[in-house]
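The values are calculated or read from the model by the stated rules, or taken from the named source; none is laboratory data. This structure is a prediction, so every number in the text was calculated from the model and none was measured. Glycine also receives a Cβ, built like all others from the backbone with ideal geometry; neighbour counts cover every protein chain displayed.
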Amino acid sequence: MTDILKRAGMTDCKPRATPISASKPTISNADLYDDVTHYRSLAGVLQYLTVTRPDLSFTVNQLCQHMHAPTVSHWEQLKHVIRYVKGTITSGLRIWRSVSRELHAFSDSDWAGYHEDRKSTSGYAVFLGSNLIS
């Protein structure tokens with residue numbers, strides 16, 4: 001994570017508490033970002049980080065959908081994610097050597113549980129030994 005901060009030139013940035021900004025992009029920020037290679041490089045590195053940081057998955061996915069033509073607004077959102085990484089640098093899934101090779105899976109679901117639109121929610125966790133792998 002510190003390498004990502006160095007690559008972005010943001011080692012001294014202020015940390016953020018959330019990975020995504022609540023503000024909507026403005027028309028003035030609809031201009032194309034001038035350093036597309038830099039944007040793609042940082043977005044790609046953040047993709048690899050999602051392996052141990054699933055809290056970044058949604059936001060990084062959204063940013064990667066604009067790699068072909070990122071705007072200044074997308075660049076600002078990417079910087080917001082990097083500031084979040086700075087604030088949560090000690091967070092993430094740890095993968096440790098485990099003597100056990102047992103596979104354990106847990107799941108939960110709530111069929112049609114959301115009262116407004118009757119959508120279902122579900123979740124699962126899969127452990128290999130003591131390591132969360134999915």
Considering only the range 87-115, how many residues are under 27 Å from the mean Cα position of the chain (by Cα) and among the charged types (D, E, K, R)?
-> 4
When (1) at negative phi; (2) more than 20 Å from the chain's Cα centre (by Cα); (3) not small (Gly, Ala, Ser) are applied to Arg118, the one that fails is (1)
Within the set of pairs 6+ apart or on separate chains, which have a first residue in the range 105-123 that is assigned by TED's automatic domain parsing to the domain that holds Pro54 and over 23 Å from Ile133 (Cα atoms), a second that is exposed (fewer than 10 other Cβ atoms within 10 Å of the Cβ) and among the hydroxyl-bearing types (Ser, Thr, Tyr), and C-beta atoms under 8 Å apart?
-> none
Long-range neighbours under 6 Å by Cβ, at least six apart or interchain, first residue under 14 Å from Leu49 (Cα atoms) within the range 75-91, second among the polar types (S, T, N, Q) and at pLDDT 90 or above | Val81/Thr59
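May I ask you to verify whether Ser100 is touching a strand residue (DSSP E or B) at 6+ places or on another chain (Cβ under 7 Å) and either assigned to a helix (DSSP H, G or I) or of a type in the set (Ser, Thr, Tyr) (or both)?
Numbers: touching a strand residue (DSSP E or B) at 6+ places or on another chain (Cβ under 7 Å): no; either assigned to a helix (DSSP H, G or I) or of a type in the set (Ser, Thr, Tyr) (or both): yes.
No; evaluated as a whole, the condition is false for this residue.
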Go through the range 88-97 residue by residue and tally those that are modelled with pLDDT of 85 or more and either surrounded by 10 or more Cβ atoms within 10 Å (Cβ to Cβ) or outside any loop (DSSP other than H, G, I, E, B) (or both).
-> 2
When (1) free of Cβ contacts under 8 Å to residues at least 12 places away in the same chain; (2) closer than 30 Å to Lys6 by Cβ are applied to Ala69, the one that fails is (1)
